[in-house]
Every structure is written in C-alpha cells, then in structure tokens.
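FYI, it's all coordinate maths here, none of it is from the lab. Just so it is clear, the model here is predicted, and its values are computed rather than measured. Neighbour counts are summed over all protein chains in view; Cβ atoms, including those assigned to glycine, are modelled from backbone coordinates with ideal geometry.
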Amino acid sequence: MSMVNSTIQIVELFSSFLDSKSFVKLSMSSYQGTLAEMRNIYVREVLIKGSIQLGFTFRYATRDITKNYTRGEGEALVKEYLLGGFSQVRIFTIDRDLAFELKGDGFWRVREFAPSLKKQDIAHDKKKRRLLATSNDKLYLHELGIMDANGQVYKHGQDKYKQINQFLALLKPLLDEVDPTSIHHVVDMGAGKGYLTFALYDFLHTEYNINPDFVGVEYRQELVDLCNKVAESSKFDKLVFRQGGIIDYDGEVDMLIALHACDTATDDAICKAIKGNASLIVVAPCCHKQIRREMENGIKKNELSSLTKYGIFLERQAEMVTDSLRVLIMEYFGYKTKVVQFVSDAHTPKNVMLTGIKQKKEIVESRKAEILAEISALKSYFGISTHYLEQLLALSH
Ligand SMILES: C[S@@+](CC[C@H](N)C(=O)[O-])C[C@H]1O[C@@H](n2cnc3c(N)ncnc32)[C@H](O)[C@@H]1O
C-alpha cells in the first residue's frame, strides 16, 4: 500500500487516465458529508451529440440522479466531492484498478488491483445500444430460436430479445454495486428454457470479465437436457443445468435469480439466497396464490372488504401484499431492497422485480424489531396467519 498526499493527486490521475483513454469508471463511496441520503457517485464517459462527456450517477438512499458534464466540469466535481465527504474512491482503468482510502491522518492510501471492468463501447448512441448485441457467434440465441444463423433477431424473437436486454439493463447497476469480482457462484432458480440464464452467463463474461460457476435449476427434465446441450455447443463450460426442485438446491450462492418461478417457488428461491448469504438477489415473482384465500376471508371481516370484493382486485392485493412481505423479510435479513418494473414474457402478465443487495453493516436490532412489527401489522390488516417465506426462514415474532 502506498500513500497519496492529496485529493488533487487523485484528480490528476483521473485526468491522466482520461488523456490516455484507459479510463473506464470512477466510483466514490463511504460518504460522511452533509448531503442528506447521499450514498455513492459513479462516473463514466458518455457520448453526447458526438462529443465525449462525463456522465455522473448520484446515488441517494432511495433514488438515482444522472447528469452529464464537460470534462472540466466533471474533474472539478470529482475534486469537490472528494473534499466534501467521500473517503473511498476507486478508479477502474483498462490496465488496473486503483482503490484510494482516506485515513484518519488526512492522507489517502492507495492499493492496486488487476482490472475488473472492461471499457465500454461509447462510439454508439447509448439509447440504441443493446447490452446483449447479437452476432452470429452467439450460438445460444440461435439455438433457442431468437435469431437466425446470421445474427438477425427473428420477428417472433423480438419480445424475448427486448426482455433479455431489459433484464441486463436492470441488473447492471446492481452488479456494479456489489463488486462483480466477488461473485463466484450464480444460480438461476426455475431456469425454464434458459433464455435469461444464457444471456446473464454471457453478460458476466463479456461485460465484467468474470467466470463464476453457474447453475440453472429446473423441474422439467426435457428443458434441462435442452439447455445442457446448448451450453455445451456454446462452450459455456461453467454453466450447467440440474433437474430438481429449488428447495432441494444445496450448492453455494453469491448471486441468485428466479424469474417467473411459480407461486411459492419464488419464496423457496429467496430462502436459499438468504440462507446461502448471497450478496445479490433478483426475483420476478409469478402467481401469488398462497395468501389469497386467507385474505379473501380475513378482509371480509373488516372495513377493507371493498379492496377484495372483485376477483381481480383480490388478485392484485394478494400480489402486492405478498411481495411487500418478501421485501420486508429480505430487509430483516440485511438486504437493501428495490422493487422495479420488469417486462414480462408471453407466459405471464407479472412484471414486478424485487432485488436485494446484502449490506456489509449488520442490521441493528431495533430496525429488526420495527420490520417484524410491520410484517405483523400487514398480516393482521389483511387477515393472514402466516406467509410461506416466514415459515421457511423460521421467522418468529
Ligand atoms: C414461467 S417459467 C420461467 C422460466 C425462466 N425463468 C424465464 O423467466 O424465462 C418457470 C419455470 O420454473 C420451473 N419451476 C417452477 N417451480 C419450480 C421449482 N419449485 N423447482 C424447480 N423449477 C421450478 C418451471 O418448470 C418453469 O420451467
């Protein structure tokens, strides 16, 4: 570890990486300044009307704000924020990563690591850039019937291709936040025909240059066989599909995805992630039958019966209550959660995605008690005795 005397030296290094075109990304963390809810700042190069600018993402506790600046403005801002409360900064370049930490003596320490991110192609208009570019060497897209042998997406494959790209776009900021190099085991629960599994495997390699063990878990043997065949022909040698139930999975898990896994299968998946101490959880729930019947009877007894008088309302309420409980339970186990919209595929109209990032800081007991109280209140309001995920995790309150 060596020492860097001043913030100005960091800004000069940042500037020299921009000059040498080796700059990939800059991230700032450990904020102790005065701006309420400020968490992180990420800086990348962006192409705006033909000229390169610096795109800043300001991450606050509950929202992100993005703004673009000229190089001069951007450098000045980096300096301002480093002087104004961030005590960790990491500069990713194509040759190396530099991690700076401000110590109590007022000096920055710097450590060097192998490069962990690849430089993105900014030569194209970002809006048109798909995260998963098609080409004739993406054999799996061809074998799964999304594009032809020349890399052209079929008309009937457009929706799926769009869904894949939206899925990757939603994952990208989450992956950036967890440090992809710490992900060694990825599991896709209820992988189905594997569209999103293959795309994520490919994306982790091409975008992040990481090569984790990747398992797709699926009930249906014929889909498992098909996917293993496609993985083999694509030479995706760390991707394997296993026949079985989600609840029976007993491998390690750093990142878990479960997309449109039916009913309580989503809970089985979340439970596996929490018990496996996964750093990243991404689920897009499907049907929500478990609590529906209880709600129907429970709510009739109180003043909220109009919320469930009609079948479609009841279904939507059950969905929201179920997913709210899931998110609360994830928070209870130390995850920072988000709920976002996800493009559904042809099989399901469900379009909500729940995400969780495991926080390094232990959740305080008082917050745990608050969450348990929220869960109890929600259940009693809607006449629910217990939620399946609570049972799985033996959450007592
Ligand atoms: C609607 S498909 C979604 C497939 C894929 N994840 C996607 O989003 O394109 C759900 C898949 O999960 C599988 N599945 C459902 N519950 C499961 C469980 N408990 N264990 C293993 N597989 C399950 C089903 O067989 C089905 O193939």
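The table below lists the values:
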{"read-out": "Cleavage-rule hits, trypsin sites (Lys or Arg not before Pro), region 1-58, DSSP coil, Cβ neighbours within 10 Å at most 15", "value": "Lys21, Lys49"}
{"read-out": "Ranking of Ile312, Ile270 by count of other Cβ atoms within 10 Å, fewest first", "value": "Ile312, Ile270"}
{"read-out": "Additional length obtainable on full extension of the chain from Glu232 to Asp179, 0.36 nm per residue less Cα span", "value": "16.3 nm"}
{"read-out": "Burial ordering of Leu175, Leu54, fewest other beta-carbon atoms within 10 Å first", "value": "Leu175, Leu54"}
{"read-out": "Sequence of Leu132, Leu304 once ranked by neighbouring C-beta atoms within 10 Å, starting from the fewest", "value": "Leu304, Leu132"}
{"read-out": "Nearest 10 degrees, 0 to 90: helix 195-208 Cα axis against the chain principal axis", "value": "20 degrees"}
{"read-out": "Reach of Lys21 by Cα under 26 Å, taken over lysines that are not fewer than 8 positions away in the same chain", "value": "Lys49, Lys67, Lys79, Lys118, Lys119, Lys126, Lys127, Lys128, Lys172"}
{"read-out": "DSSP-loop trypsin sites (Lys or Arg not before Pro) across region 214-261, with at most 12 other Cβ within 10 angstrom", "value": "Lys235"}
{"read-out": "Cα-based helix-to-principal-axis angle, 7-19 vs the chain, degrees rounded to 10", "value": "90 degrees"}
{"read-out": "Cross-link pairs Lys275/Lys360; Lys336/Lys361; Lys25/Lys336; Lys103/Lys361; Lys138/Lys162; Lys289/Lys338 - those with Cα-Cα distance over 18 Å", "value": "Lys25/Lys336; Lys103/Lys361; Lys289/Lys338"}
{"read-out": "Neighbourhood charge, 12 Å Cβ-Cβ cut-off, centred on Glu319 and excluding it, Lys, Arg +1 and Asp, Glu -1", "value": "+2"}
{"read-out": "Amide N of region 13-46 lying under 14 Å from the label point, which is placed 7 angstrom from the Cα of Asn68 along Cα→Cβ", "value": "44-46"}
{"read-out": "Shape of region 2-113, Cα gyration tensor, a/c cut at 1.5", "value": "oblate"}
{"read-out": "Cα-based shape type of region 65-195, given that a ≥ b ≥ c are square roots of the gyration tensor eigenvalues and the cut on a/c is 1.5", "value": "prolate"}
{"read-out": "Tilt relative to the chain, helix 158-178 - C-alpha long axis, 0 to 90 degrees, to 10", "value": "60 degrees"}
{"read-out": "Intensity falloff of the chain expressed as log10 I(q)/I(0), Debye formula with alpha-carbon point scatterers, at q = 0.07 Å⁻¹", "value": "-0.38"}
{"read-out": "GluC sites (Glu not before Pro), loop per DSSP, at most 15 other Cβ atoms within 10 Å - longest free stretch of the chain", "value": "38-251"}
{"read-out": "In range of the label at Arg111: residues from region 170-205 whose backbone nitrogen is under 20 Å from the point 7 Å along Cα→Cβ", "value": "176-184"}
{"read-out": "Coil-residue trypsin sites (Lys or Arg not before Pro) of region 314-390, DSSP, other Cβ within 10 Å capped at 11", "value": "Lys360, Lys361"}
